[in-house]
Amino acid sequence: MRPAERPTKADLEAARDRVIPDVLPPDGGTLRVLFCGINPGLYSGATGHHFARPGNRFWPALHRSGFTDRLLDPSEQHLLPGYGLGITNLAQRTTARADELTGAELREGGRRLTALVERCRPAYLAVAGVTAYRTAFGRPRTAIGPQEETFGPAGLWVLPNPSGLNASWTLDRIAAELTRLRHAADGA
């Protein structure tokens, strides 16, 4: 598949269970915020880019919040470390829907995330998906926003899932929450 093409139904099905590599700065590089999605969807698995499905609000919200100076395309995810940003996922395997993941997979992903944060030492860990966060870390009352507890060496912020399926959170509301995070990260 060429980068400009949309994945076909066969491409999407072939992407099931793929793993998309994390986007991280080189060892020793500054990491202001490590964004953590739930897991890659089939569209992301087919393209190899995080938050790639049309309708996902991550990239527009990232720009509107001031984290980036222009709207980045998912294919430009490699530019994020230049902004002091990175991306990972709680569960690494690609699925059609996040509800295909088991609680055990999310908890295992939480352990992997703990080790990654310890190694990369971001100022903030921002988990996009409150329900997945609650399951992965046994925190059933967690709400969107900054958390009092830290995540190892990092401040912790729980964000709404930017998927277009999360209709209760508009792009403007997601961008406003990311703006709050950016202000905190700028002060860190």
**Request:** Among what's in region 52-68 and is touching a Ser or Thr at 6+ places or on another chain (Cβ under 7 Å) and not charged (D, E, K, R), pick the residue that is surrounded by the fewest Cβ atoms within 10 Å (Cβ to Cβ).
**Result:** Gly66
**Item:** Criterion: buried (at least 17 other Cβ atoms within 10 Å of the Cβ), at pLDDT below 95, of a type in the set (Val, Ile, Thr) and farther than 18 Å from Asp22 by Cα - qualifying residue of Thr131, Thr142, Thr102, Thr135
**Value:** Thr135
**Request:** Say whether the condition of being out of contact with any His (no Cβ under 9 Å at 6 or more places or on another chain), closer than 28 Å to Ala176 by Cα and of a type in the set (Ser, Thr, Tyr) is met by at least one residue in region 75-94.
**Result:** yes
**Request:** Could you pull out the residue among Arg16, Arg107 that is in a loop (DSSP other than H, G, I, E, B) and over 15 Å from the mean Cα position of the chain (by Cα)?
**Result:** Arg16
**Asked** Looking at region 124-145, is at least one residue touching a Pro at 6+ places or on another chain (Cβ under 9 Å) and within 24 Å of Thr47 (Cβ to Cβ)?
**Response** yes
**Prompt:** Is at least one residue of region 31-38 surrounded by 13 or more Cβ atoms within 10 Å (Cβ to Cβ), of a type in the set (Gly, Ala, Ser) and closer than 20 Å to Arg119 by Cβ?
**Reply:** yes
**Request:** Check whether at least one residue in region 37-56 is assigned to a strand (DSSP E or B) and among the hydrophobic types (A, V, I, L, M, F, W, C), and report yes or no.
**Result:** no
**Message:** exposed (fewer than 13 other Cβ atoms within 10 Å of the Cβ) and either in a helix (DSSP H, G or I) or in contact with a helix residue (DSSP H, G or I) (Cβ under 8 Å, 6 or more places away or on another chain) (or both): is that true of Leu71 in this structure?
**Reply:** yes
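The values are calculated or read from the model by the stated rules, or taken from the named source; none is laboratory data. Please read these numbers as outputs of a predicted model, since none were measured by experiment. Cβ: placed from backbone, ideal geometry, glycine included. Neighbour counts: every protein chain shown.
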